[in-house]
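Novice: My questions will all concern the structure given below.
The values are calculated or read from the model by the stated rules, or taken from the named source; none is laboratory data. Note that this is a predicted model, so its numbers are computed, not measured. Glycine also receives a Cβ, built like all others from the backbone with ideal geometry; neighbour counts cover every protein chain displayed. Just the protein is used for accessible areas: all its heavy atoms, side chains included, with ligands, DNA and RNA removed. Shrake-Rupley method; radii C 1.70, N 1.55, O 1.52, S 1.80 Å.
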Amino acid sequence: MSAAKQVILGAYFPGVNHDTVWSDPASGSHIDFASFEHWARTAERGKLDLLFLAEGLRLRTRGEAIFDQDVVGRPDTFTVLASLAAITEHVGLAGTINSTFNEPYELARKFATLDLLSGGRAAWNVVTSFDAPTGENFRRGGFLHPSQRYERAGETLAATRRLWDSWGSDAVVADQESGRFLRDEHVGDFSFRGEQFDIAGRFSTPRSPQGHPVVLQAGESPAGRDFAAANSDAIFSRYQRFDEARAFYTDVKARVRKAGRDPDEVKILPSAAIILGDTEADARDRHADIRSRQVDPFTSIVLAETVWNRDLSDVDPDGPVPDLEPAPDAPKWIKGRAPLTQDAHATAEAWRELGRREGLTLRQVVTKVFDRNVFVGTPSSVAAEIDRYVREGAVDGFILGSHVSPSGLDEVVDRVVPLLQDRGVFRTEYTGTTLRDNLGLAPASRFGEPGTAG
Ligand SMILES: Cc1cc2nc3c(=O)[nH]c(=O)nc-3n(C[C@H](O)[C@H](O)[C@H](O)COP(=O)(O)O)c2cc1C
């Protein structure tokens, strides 16, 4: 009998959206090193595959006002991950860094450095956030048309890979007797010419343990899915309910095959939260309480505004989903967050239909639609469900969040992970040394070196 399919588990640091209840007495600081330390040590204690940081490059505003539906402000990803590299040994370190506002040289240098310093544990979640309000914080403003975002992402990644490949793994000889440090004159030579970049020079950072840090992607348009299928090692998605997760999984794995790759090479990892109780009823009560605090009346209006793209402050959250038309082409009303929907009109209609069908208020619809807490139950029922999702081909694993930081992960690690281990679907010890090893991915090789091509 073949071994049971293994579950991949990551953890994202809570504190970046409406899943957070920062006013909960159990919530700590979202910027103290002690919080990141607690979170990272818990993940490593649970033998998790990776830590994951999201990114936001602008404070979120509604109209002109900053609002704290989100936790306001976050520290720099590379600094946080580098500090966590020093206090952990095995867990992967994944940073979300967008490809629109950064240059390949800087990206390649920072990720290669993180991979070097962590002994091969770095990952880059490539996002394309193109919105003009975020662009206002950068030299070029909102210079990139949405239709070009994946063109730039593709070229950024291709150029970055060329830079990583510009040093062979044997480039540093460091022979103290002969005084020869580098193997040849051409170390770091690169050139890349495309529509977005025309660069040629010498790259300064030696090849890192993974060769290419693991590449993740988060984005869901057809262009985003094709980009992920052709280029990524893993996808962070929001599709966690079983049927939608399996539909996404099937669609993306078919795209991976079409791109000429083995579907097993791309791992699909939705975000999810787990709410536990000693009984199913306990867990449901806890879930209802947490949801009512995650989506309070104001938050429900803000989340509706991300779809309608207009001021809905006159709408009663405890009334029906409004009969107003969204204004997707108007200037952005909520700035600084990724769009939550591909088609505002269809989404608004789907919400109205859900409200009518189930007799729900706007706030109840929002609470339901944005519920990421797919696993609500006892530790054993939750472990069984996670196993089922993976076994039945809906996901390869999950990236877990919690409504409080930094302690939210503790109960999952203490109560659910051991049951997954008992089932034989989750590691009891780290066996490899790199994140690629954790994820069951082949090492990245440089052209002309042993291993997989490319
Ligand atoms: C699950 C998920 C998580 C995302 N996380 C981030 C993030 O942390 N920071 C960011 O700038 N964009 C994030 N994005 C937005 C993507 O970068 C992208 O801009 C957006 O999804 C539009 O691309 P698409 O049209 O392919 O979906 C996320 C998207 C998804 C689906």
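Novice: When you take every Cα atom in segment 377-416, what is the radius of gyration, and what is Dmax, the widest Cα pair distance, in Å?
Specialist: Using the Cα atoms of segment 377-416, the pair Rg, Dmax is 11.2, 32 Å.
Novice: Heavy atoms of the protein only, probe of 1.4 Å, neighbouring chains included. What is the accessible area of residue 55 in Å², nearest 10?
Specialist: For residue 55, solvent-accessible area is about 50 Å².
Novice: Helix 222-231 versus the longest principal axis of the chain: what is the Cα-based angle in degrees, 0 to 90, to the nearest 10?
Specialist: 30
Novice: Skip the ligands, DNA and RNA, and give the accessible area per residue of the chain with a 1.4 Å probe, whole Å².
Specialist: On the way: 19810 Å² over 454 residues.
Solvent-accessible surface per residue comes out at 44 Å².
Novice: Sticking with this one: Rounded to whole Å, give me the distance from the Cα center of segment 242-319 to that of segment 51-82.
Specialist: Computed from Cα coordinates, the inter-centre distance equals 19 Å.
Novice: Quick one: dipole size for the chain, taken about the Cα centre, charges +1 on Lys/Arg Cβ and -1 on Asp/Glu Cβ, in debye to the nearest 20.
Specialist: Working: 53 positive and 67 negative charges, 144 e Å.
Using only the charged Cβ atoms, the result is roughly 700 debye.
Novice: Note the angle between two axes, namely the Cα long axis of helix 344-358 and the longest principal axis of the Cα atoms of the chain, as a number of degrees from 0 to 90, rounded to the nearest 10.
Specialist: Helix 344-358 sits at roughly 40 degrees to that axis.
Novice: What distance in nm lies between label points placed 7 Å from Cα along the C-beta direction at residue 261 and residue 354?
Specialist: Result: 3.0 nm between the two label points.
Novice: What full-extension length gain, to one decimal in nm, is calculated for residue 200 and residue 318 as 0.36 nm per residue of separation minus the Cα-Cα distance?
Specialist: Full extension from residue 200 to residue 318 adds 36.6 nm.
Novice: Quick one: length gained pulling residue 310 to residue 250 fully straight, 0.36 nm per residue minus the C-alpha distance? Numbers along the way, then the final one.
Specialist: Numbers: separation 60, 0.36 × 60 = 21.60 nm, distance 3.48 nm.
Gain on stretching residue 310 to residue 250: 18.1 nm.
Novice: Can you give the net charge of the other residues whose Cβ lies under 13 Å from the Cβ of residue 233, counting K and R as +1 and D and E as -1?
Specialist: Values: positive: 161, 261, 267, 436; negative: 49, 262, 264, 265, 396, 437.
Summing Lys and Arg as +1 and Asp and Glu as -1 gives -2.
Novice: Are there trypsin sites (Lys or Arg not before Pro) in segment 66-149 that DSSP marks as loop and that have at most 10 other Cβ atoms within 10 Å, and which are they? Could you put the intermediate results ahead of the total?
Specialist: Details: sites: 109, 110, 121, 139, 140, 149; in loops: 121, 139, 140.
Taking segment 66-149 and a limit of 10 other Cβ atoms within 10 Å, the loop trypsin sites (Lys or Arg not before Pro) found are 139, 140.
Novice: Stretched out fully, how many nm does the piece from residue 343 to residue 183 gain, at 0.36 nm a residue minus the Cα gap? If you can, show how the numbers build up before the last one.
Specialist: Working: separation 160, 0.36 × 160 = 57.60 nm, distance 5.44 nm.
The residue 343-residue 183 span can extend by a further 52.2 nm.
Novice: If you count, for each residue, the other Cβ atoms within 10 Å and average over each peptide, how do 213-221, 348-356, 280-288 line up from highest to lowest? Present the calculation step by step, with values, prior to reporting the outcome.
Specialist: Values: 213-221: 23.9, 348-356: 16.3, 280-288: 14.7.
Going by the mean number of other Cβ atoms within 10 Å, highest first, we get 213-221, 348-356, 280-288.
Novice: Under 20 Å between alpha carbons, and skipping anything fewer than 8 positions from residue 267 in its own chain: which lysines qualify?
Specialist: Output for residue 267: 5, 47, 253, 258.
Novice: Of the heavy-atom accessible surface of the chain (probe 1.4 angstrom), what whole percent is carbon and sulfur? Let's see the in-between values first.
Specialist: Values: 10140 of 19810 Å².
Carbon with sulfur: 51 percent of the solvent-accessible area.
Novice: If you don't mind, another one. Helix 297-308: angle to the longest alpha-carbon principal axis of the chain, degrees 0 to 90, nearest 10?
Specialist: Helix 297-308 sits at roughly 60 degrees to that axis.
Novice: Scan segment 390-447 for GluC sites (Glu not before Pro) in coil per DSSP, keeping those whose Cβ has at most 15 other Cβ atoms within 10 Å, and list them by number. If you can, show how the numbers build up before the last one.
Specialist: Details: sites: 392, 411, 429; in loops: 392, 429.
Loop-located and lightly packed - 392, 429.
Novice: For the chain, with the dipole built from +1 on Lys and Arg beta-carbon atoms and -1 on Asp and Glu ones, taken about the Cα centre, which of 435, 276, 260 lies farthest toward the positive end?
Specialist: Farthest along the dipole direction, towards plus: 260.
Novice: Another question, then. About the Cα centre, and with charges only on the beta carbon of Lys, Arg (+1) and Asp, Glu (-1), how big is the dipole of segment 263-352? Nearest 20 debye, please. Could you put the intermediate results ahead of the total?
Specialist: Values: 10 positive and 18 negative charges, 69 e Å.
In total the dipole reaches around 320 debye.
Novice: What is the local net charge at residue 417, summed over the other residues whose Cβ is closer than 13 Å to its Cβ (Lys, Arg +1; Asp, Glu -1)? Before the final figure, lay out each step's value.
Specialist: Working: positive: 45, 47, 415, 423, 427; negative: 44, 49, 387, 410, 411, 414, 422, 429.
Net charge in that neighbourhood comes out at -3.
Novice: Can you compute the radius of gyration and Dmax for the chain, using only the Cα atoms, both in Å?
Specialist: Rg, Dmax (Cα atoms, Å): 22.4, 81.
Novice: Binned at 5 Å from 0, what are the whole-percent values of the Cα-Cα distance distribution for segment 57-166, short to long?
Specialist: With a bin width of 5 Å, the distribution comes to 2, 11, 18, 19, 18, 16, 10, 4, 1, 0.
Novice: Run down the aspartates and glutamates and flag those whose C-alpha is under 17 Å from the C-alpha of residue 332, throwing out any fewer than 8 positions away in its chain.
Specialist: Those aspartates and glutamates meeting the cut-off are 64, 131, 136, 305, 311, 343.
Novice: Which far-off residues, 5 or more places away or on another chain, put their amide H under 5 Å from the one on residue 401, with H placed in the peptide plane?
Specialist: For residue 401, the qualifying residues are 12, 272, 273, 274.
Novice: With charges only on Cβ, +1 for K and R and -1 for D and E, what is the dipole size of segment 301-454 about its Cα centre, in debye, rounded to 20?
Specialist: Values: 17 positive and 24 negative charges, 68 e Å.
The calculation lands at about 320 debye.
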